[in-house]
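Participant: Sharing a structure here in structure tokens format.
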């Protein structure tokens with residue numbers, strides 16, 4: 001019997017549909033492979049359901065490269081198609097879906113994400129020609145062959161395909177020949193199709209996981225399985241700190257696992273996609289900024305949300321009520337899990353703290369509900385060597401009056417002079433090492449109203465001042481403190497430095513530099529957006545210790561008219577105070593060394 005050859009024309013209202021498809025979202029061309037493999041999986045699902053002679057283990061998709069012909073082949077042993085079915089599903093239904101998509105979104109400016117709905121015709125984003133070879137599973141079926149070169153014209157003939165299933169051949173255009181690179185294709189299959197329920201073979205190897213771990217019940221999953229899944233999904237060698245298994249059926253369906261990786265301050269980069277979004281096990285996106293709360297993007301993991309509206313613009317998703325519900329659910333779930341660890345195993349929580357501190361603080365600053373849930377679990381390491389919550393610090397350090405002070409330092413190793421003074425007076429200090437702490441302190445102060453955070457170098461604690469110290473006045477009605485103040489002001493000649501003289505209990509310190517707490521915080525918060533704010537830190541107070549022997553000798557030198565020596569010593573003492581506060585520039589360090597040499601030369 002002679003083969004029946006048919007030619008036809010796709011009946012459409014949009015004649016330029018193929019040029020639009022080819023140019024559509026250049027950065028999203030990769031999705032053609034996802035769409036074709038998803039179609040193959042659908043065909044295998046149907047064959048498993050309808051063909052009693054086939055078992056699931058017999059079904060697979062194979063992806064092949066032919067560099068000579070510049071083609072990709074997607075081959076499945078699914079249900080297959082007859083000529084009549086090709087005419088119906090490819091020429092009518094699939095094309096109508098693509099046309100509807102273009103009509104709906106061709107004027108949208110916002111970037112689209114997710115399942116574009118282009119289906120089979122997405123292949124024309126990268127191809128000059130696409131062919132279909134198929135043999136239906138139906139008894140006595142005849143092979144079918146379909147061909148289209150990116151126009152409304154197509155060919156539909158009897159084919160030569162011998163195995164039940166379908167082979168799609170994509171003839172790549174010159175601009176997209178990079179899809180012939182093995183590594184790129186392997187990465188795309190792993191990215192988009194990792195959890196599709198049938199084996200995907202590439203280069204004679206199965207390269208997809210096939211089942212996402214989040215579909216299993218937590219009680220049925222071993223700890224080692226969670227860790228192995230994390231490493232496979234993110235190509236990591238290091239174990240995650242811990243994880244949260246998400247599972248909800250109402251008012252929306254969501255399954256997923258969120259992993260807490262080790263983070264440091266350098267890794268506070270929200271631009272890198274870490275949480276992968278899936279719909280029915282098909283990868284949709286990992287750029288979820290603006291869709292889920294920003295602080296969650298510091299985590300890694302995957303979520304399958306079958307009902308999320310994906311065929312819409314990003315701006316629509318950001319405003320979608322269901323998406324907001326999902327975000328709030330995740331925030332609560334994460335907070336509840338952290339609270340459980342805090343309450344049930346405080347030692348474990350403290351052991352994790354260094355790695356999760358950035359995540360928790362950033363979340364508290366950016367999400368009010370997370371702040372409310374976590375404020376009682378916020379902990380800081382202290383100068384006593386352990387961790388305390390804000391409330392625990394206040395209980396351990398009782399103070400008179402309604403307004404309480406919490407003293408802090410940026411680390412254990414900096415500002416040693418100040419730390420030693422606080423220890424001698426029995427004052428406990430918390431350590432606040434991150435750039436987020438200043439912002440968080442301000443939020444806590446506003447929220448509570450009864451505490452203020454005071455950096456140890458922002459004031460001289462009243463406990464180290466000799467309050468009852470009385471001074472004599474000379475014939476000019478001036479005290480020694482008055483004279484010291486005048487000497488330093490004249491020598492420094494700097495209107496950004498305020499000189500104060502105090503009698504300190506610690507005699508071996510000639511002077512201390514103090515920066516206003518609020519001015520410092522403003523500078524720290526503004527340094528990335530307003531570099532000029534750094535100049536504000538130049539304004540500070542030099543507290544000179546009237547009990548220090550060097551200061552007393554300096555006053556005697558002044559009385560003897562040794563102006564040059566006095567100027568050198570005053571500036572040197574000032575810079576000794578500064579050196580604990582900020583790193584010197586090369587020029588500043590050179591000047592300090594020169595002053596040090598002059599001071600040494602003064603020794604007789």
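The values are calculated or read from the model by the stated rules, or taken from the named source; none is laboratory data. This one's a predicted model, so the numbers in the text were calculated from it and none came from an experiment. For neighbour counting, all protein chains shown are included, and Cβ atoms are generated from backbone atoms with ideal geometry for every residue, glycine included.
Participant: For the subset of segment 175-200 comprising residues that are free of Cβ contacts under 8 Å to residues at least 60 places away in the same chain and assigned to a helix (DSSP H, G or I), which member is nearest to residue 57 (Cα to Cα)?
Facilitator: Checking each candidate, the answer is 190.
Participant: Next question. In this structure, does residue 423 turn out to be out of contact with any helix residue (DSSP H, G or I) (no Cβ under 9 Å at 6 or more places or on another chain) and closer than 17 Å to residue 517 by Cβ?
Facilitator: No: the conditions fail for residue 423.
Participant: Please tell me if residue 177 is more than 23 Å from residue 277 (Cα to Cα) and surrounded by fewer than 20 Cβ atoms within 10 Å (Cβ to Cβ).
Facilitator: Taking the combined requirement at face value, the residue satisfies it.
Participant: Going through segment 489-499 one residue at a time, which ones are within 18 Å of residue 515 (Cα to Cα) and part of a helix (DSSP H, G or I)?
Facilitator: Matches in segment 489-499: 489, 492.
Participant: So which residues in segment 49-63 are within 20 Å of residue 194 (Cβ to Cβ) and surrounded by 16 or more Cβ atoms within 10 Å (Cβ to Cβ), if there are any at all?
Facilitator: Scanning segment 49-63 gives 59, 60, 61, 62, 63.
Participant: Which numbered condition trips up residue 242, out of (1) under 25 Å from residue 332 (Cβ atoms); (2) surrounded by 13 or more Cβ atoms within 10 Å (Cβ to Cβ); (3) out of contact with any strand residue (DSSP E or B) (no Cβ under 6 Å at 6 or more places or on another chain)?
Facilitator: (3)
Participant: Another one. Within segment 73-83, does at least one residue satisfy the condition of being part of a helix (DSSP H, G or I) and modelled with pLDDT under 95? Give the steps one after another, and end with the answer.
Facilitator: Of the residues in segment 73-83, the ones part of a helix (DSSP H, G or I) are 83.
Applying the additional criterion that residues be modelled with pLDDT under 95 yields 83.
Yes, that holds for at least one residue.
Participant: Kindly indicate which of 464, 460 is buried (at least 17 other Cβ atoms within 10 Å of the Cβ), over 33 Å from the mean Cα position of the chain (by Cα), without any contact (Cβ under 8 Å) to a residue 60 or more places away in the chain and farther than 30 Å from residue 364 by Cα.
Facilitator: Going through 464, 460 in turn, the sole match is 464.
Here's the yes/no breakdown for (1) surrounded by 12 or more Cβ atoms within 10 Å (Cβ to Cβ); (2) at pLDDT 90 or above:
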| residue | (1), (2) |
| --- | --- |
| 400 | no, no |
| 418 | yes, no |
| 446 | no, yes |
| 451 | yes, yes |
| 456 | yes, no |
| 469 | yes, no |
| 475 | no, no |
| 479 | yes, no |
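Participant: Does residue 252 qualify as being in a helix (DSSP H, G or I), in contact with a helix residue (DSSP H, G or I) (Cβ under 7 Å, 6 or more places away or on another chain) and surrounded by 11 or more Cβ atoms within 10 Å (Cβ to Cβ)?
Facilitator: So residue 252 fails the test.
Participant: Mind telling me which of the residues 231, 227 ends up being touching a strand residue (DSSP E or B) at 6+ places or on another chain (Cβ under 9 Å), more than 27 Å from residue 45 (Cα to Cα) and not assigned by TED's automatic domain parsing to the domain that holds residue 78?
Facilitator: From the options 231, 227, the qualifying one is 227.
Participant: Filter segment 222-244 for residues that are touching a helix residue (DSSP H, G or I) at 6+ places or on another chain (Cβ under 7 Å) and within 20 Å of residue 305 (Cβ to Cβ) and give the result.
Facilitator: Result: 229, 243, 244.
Participant: Those residues that are at pLDDT 95 or above and surrounded by 14 or more Cβ atoms within 10 Å (Cβ to Cβ), I need them from segment 384-398; list them, please.
Facilitator: 387, 388, 389, 390, 392, 393, 394
Participant: Right, something else. Within segment 369-454, considering only helices (runs of 4 or more DSSP H) that don't extend past its boundaries, which have at least 2 residues that are closer than 30 Å to residue 329 by Cβ?
Facilitator: Counting at least 2 such residues, we get 390-396, 437-448.
Participant: Within segment 467-517, can you find the residues that are without any contact (Cβ under 8 Å) to a residue 12 or more places away in the chain and under 14 Å from residue 541 (Cα atoms)?
Facilitator: Passing the criteria: 489, 493, 494, 495.
Participant: Does residue 390 satisfy the criteria of being under 31 Å from the mean Cα position of the chain (by Cα) and over 23 Å from residue 541 (Cα atoms)?
Facilitator: Yes: the conditions hold for residue 390.
This table checks each residue for (1) on the phi > 0 side of the Ramachandran plot; (2) surrounded by fewer than 17 Cβ atoms within 10 Å (Cβ to Cβ); (3) modelled with pLDDT of 75 or more.
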{"residue": "558", "(1), (2), (3)": "no, no, yes"}
{"residue": "562", "(1), (2), (3)": "no, yes, yes"}
{"residue": "574", "(1), (2), (3)": "no, no, yes"}
{"residue": "579", "(1), (2), (3)": "no, yes, yes"}
{"residue": "584", "(1), (2), (3)": "no, yes, no"}
{"residue": "590", "(1), (2), (3)": "no, yes, yes"}
{"residue": "594", "(1), (2), (3)": "no, yes, yes"}
{"residue": "597", "(1), (2), (3)": "no, yes, yes"}
{"residue": "602", "(1), (2), (3)": "no, yes, no"}
